[in-house]
Amino acid sequence: QLQLVQSGGGLVQPGGSLRLSCAAHAFFLDNYDIGWFRQAPGQAREGILCVNGSDATTYVLDSVKGRFVISRENGKNTISLQMNSLKPDDTAVYYCNARNSGWSKLLWGQGTQVTVSS
């Protein structure tokens with residue numbers, strides 16, 4: 001019953017922007033580690049933006065630095081990913097992720113297709 005439910009995604013032209021959202025159900029994101037991952041066709045899933053829930057330590061994939069922003073909206077119990085200056089190479093299925101500090105819970109969103117094409 002613990003779930004991360006994603007919304008957003010779709011088709012966008014190169015240089016455009018897109019915002020993904022991930023809503024937590026049956027648990028609260030407070031103090032959770034959060035992150036966004038993606039998997040392009042024929043490639044392994046990779047972390048793109050991850051933030052530690054305790055000390056805000058951040059990991060950012062080099063290819064998205066300066067273009068993507070992760071945020072936590074506790075009032076809505078959601079995680080968001082703002083993607084700007086999108087490139088065709090950003091085309092992938094995007095997944096949100098959350099884990100508690102004790103790592104007793106690890107949740108994944110269902111995945112959302114993002115296609116960047118003219």
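The values are calculated or read from the model by the stated rules, or taken from the named source; none is laboratory data. A quick note: this is a predicted structure, and the numbers were derived from the prediction, not measured. When we count neighbours, we look across all protein chains shown, and the Cβ atoms used for this are built from the backbone with ideal geometry, even at glycine. Just the protein is used for accessible areas: all its heavy atoms, side chains included, with ligands, DNA and RNA removed. Shrake-Rupley method; radii C 1.70, N 1.55, O 1.52, S 1.80 Å.
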A convex hull over the alpha carbons of the stretch 35-118 yields, per residue, a volume in Å³ of 113 Å³
Filtered hits (lysines, Cα-Cα < 24 Å from Lys76, offset >= 8 within chain) -> Lys105
With a Förster distance of 30 angstrom and the Cβ-Cβ distance between Ser118 and Ala44, calculated FRET efficiency to the nearest 0.05 equals 0.65
One finds the C-alpha centres of the stretch 16-34 and the stretch 89-109 to be spaced, in Å, by 9 Å
Rounded to whole Å², per residue accessible area for the chain with a 1.4 Å probe reads 53 Å²
Counting only protein heavy atoms with a 1.4 Å probe and every protein chain in place, the carbon and sulfur fraction of the accessible surface of the chain in whole percent equals 50 percent
Isolated cysteines for the chain, Cβ-Cβ cutoff 4.7 Å, are Cys50
Here, chymotrypsin sites (Phe, Trp or Tyr not before Pro) of the stretch 63-109 satisfying both criteria (DSSP loop; at most 15 other Cβ within 10 Å) are Trp103
